[in-house]
Ligand SMILES: Cc1ncc(COP(=O)(O)O)c(C=O)c1O
């Protein structure tokens, strides 16, 4: 095999040796199958193709200094996938089966897990799709769960740093009681135009306001938002955002550090009052925010006055990464060690 250039990995697809699959047929999940094919053989009337019965997850495995491999919060990802399946009426995969598949695919692709020193990791992408044929709009009776992995580089190649973000008012990602809380492909299709606009304008990512009133901060393209002020970690409560597992973890760590934690609607104007803010998710853990512009309102909320990540963001980031890589004790039981 060609040597992998660990230091130049991006967040992209790289073929690995194996993926794993479990099929749901006749009302039950079958045996786990190992495949080396990158392709799925699908019925052309499968509901995932026509009616969006498609859910995915994203989590990571990290190789520690001790050489051991740790997967971060896999039970939480299993639970979120189950919630998504309920949301779009797909068969739910039990946590034990999710865990079996993730451990198997990580072990089978062990040689793709980046060395500790690189700051890179193994991204794990579970996918659950409706494979049964339907022509009318109805849930399928057959499903497939697939998991593949791909090594990804450290998010901050030049070191932990801040980025500018922009509020896009023109497009909504999800409606208040729509599918925003679920990790379904349709939400990402709905975000593509806003994301392109943000990138074309030179921003790191787009921000969404609540779709109903356009008053409150919802989330970024693929990350939750949090702000810090007066020793308090504040993050939006909304019926249209994805419950981020990173955000949930950061709320716990913030509490452990003696910060107050508030989950509540965050009006846009409140951005002006934050001492620090970040976008949080599996990809970056925390991407500290330099400023958020609202072009249509002619406003610019500068959060980092010196352009650098703030002390609390830095502390939270370092703490979470240390747990993921096994540099610090896993006191909350967030990590599954691959034996
Ligand atoms: C829309 C959206 N919000 C938030 C997140 C962050 O969630 P997590 O921390 O579980 O990765 C993601 C992606 O991962 C996302 O796609």
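The values are calculated or read from the model by the stated rules, or taken from the named source; none is laboratory data. Just so we're clear, the structure is a prediction, and the values are computed from it rather than from any experiment. Every residue, glycine among them, receives a Cβ derived from its backbone with ideal geometry; neighbour counts consider all protein chains shown.
Contact annotation: residue pairs with Cβ atoms under 6 Å, 6 or more positions apart or on different chains, pairing a residue in the stretch 212-225 that is within 17 Å of residue 250 (Cα to Cα) and assigned by the TED database to the domain that holds residue 195 with a partner that is near the ligand (Cβ under 7 Å from one of its atoms) and outside any strand (DSSP E or B), are 219/241; 224/244; 224/247. For the stretch 237-258, a residue qualifies if it is surrounded by fewer than 22 Cβ atoms within 10 Å (Cβ to Cβ), part of a loop (DSSP other than H, G, I, E, B) and either within 11 Å of the ligand (Cβ to nearest atom) or more than 20 Å from the chain's Cα centre (by Cα) (or both), and the qualifying residues are 243, 257, 258.
For every residue, the table says whether it meets (1) over 21 Å from the mean Cα position of the chain (by Cα); (2) over 20 Å from residue 86 (Cα atoms).
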{"site": "108", "(1), (2)": "yes, yes"}
{"site": "119", "(1), (2)": "no, yes"}
{"site": "122", "(1), (2)": "no, yes"}
{"site": "126", "(1), (2)": "no, no"}
{"site": "183", "(1), (2)": "no, no"}
{"site": "190", "(1), (2)": "no, yes"}
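Whenever a residue of the stretch 183-194 is over 18 Å from residue 207 (Cβ atoms), its partners that are in a helix (DSSP H, G or I) and more than 8 Å from the ligand (Cβ to nearest atom), lying with C-beta atoms within less than 6 angstrom and at least six residues away or across chains, give the pairs 183/84.
When the stretch 25-43 is filtered for residues that are within 22 Å of residue 186 (Cα to Cα) and touching a residue at least 40 places away in the same chain (Cβ under 8 Å), the ones remaining, listed by number, are 40, 42, 43.
Taking the stretch 253-294 as the range and being modelled with pLDDT under 95 and farther than 30 Å from residue 149 by Cα as the test, no residue passes. In the stretch 118-130, is there at least one residue being away from the ligand (no atom under 16 Å from the Cβ) and without any contact (Cβ under 8 Å) to a residue 24 or more places away in the chain? No, every residue in the stretch 118-130 fails to be away from the ligand (no atom under 16 Å from the Cβ) and without any contact (Cβ under 8 Å) to a residue 24 or more places away in the chain.
Set side by side, the residues 86, 53, 82 differ, and just one is closer than 22 Å to residue 139 by Cα and touching a helix residue (DSSP H, G or I) at 6+ places or on another chain (Cβ under 6 Å), which is 53.
For the stretch 170-196, a residue qualifies if it is within 24 Å of residue 294 (Cα to Cα) and surrounded by fewer than 15 Cβ atoms within 10 Å (Cβ to Cβ), and the qualifying residues are 170, 175, 176, 189, 192, 193, 196. For the stretch 272-302, the tally of residues that are more than 16 Å from the ligand (Cβ to nearest atom), in a loop (DSSP other than H, G, I, E, B) and in contact (Cβ under 8 Å) with a residue 40 or more places away in the chain stands at 2. Tell me whether the stretch 67-89 contains one or more residues that are within 16 Å of the ligand (Cβ to nearest atom), touching a residue at least 40 places away in the same chain (Cβ under 8 Å), at positive phi and in contact with a strand residue (DSSP E or B) (Cβ under 8 Å, 6 or more places away or on another chain). Yes - at least one qualifying residue is present in the stretch 67-89. When the stretch 303-334 is limited to residues that are part of a loop (DSSP other than H, G, I, E, B) and either on the phi > 0 side of the Ramachandran plot or in contact with a strand residue (DSSP E or B) (Cβ under 7 Å, 6 or more places away or on another chain) (or both), the one that is surrounded by the fewest Cβ atoms within 10 Å (Cβ to Cβ) turns out to be 333. Here residue 269 meets each of (1) within 16 Å of the ligand (Cβ to nearest atom); (2) loosely packed, with under 14 Cβ neighbours inside 10 Å; (3) not in a loop (DSSP other than H, G, I, E, B) with one exception, condition (1).
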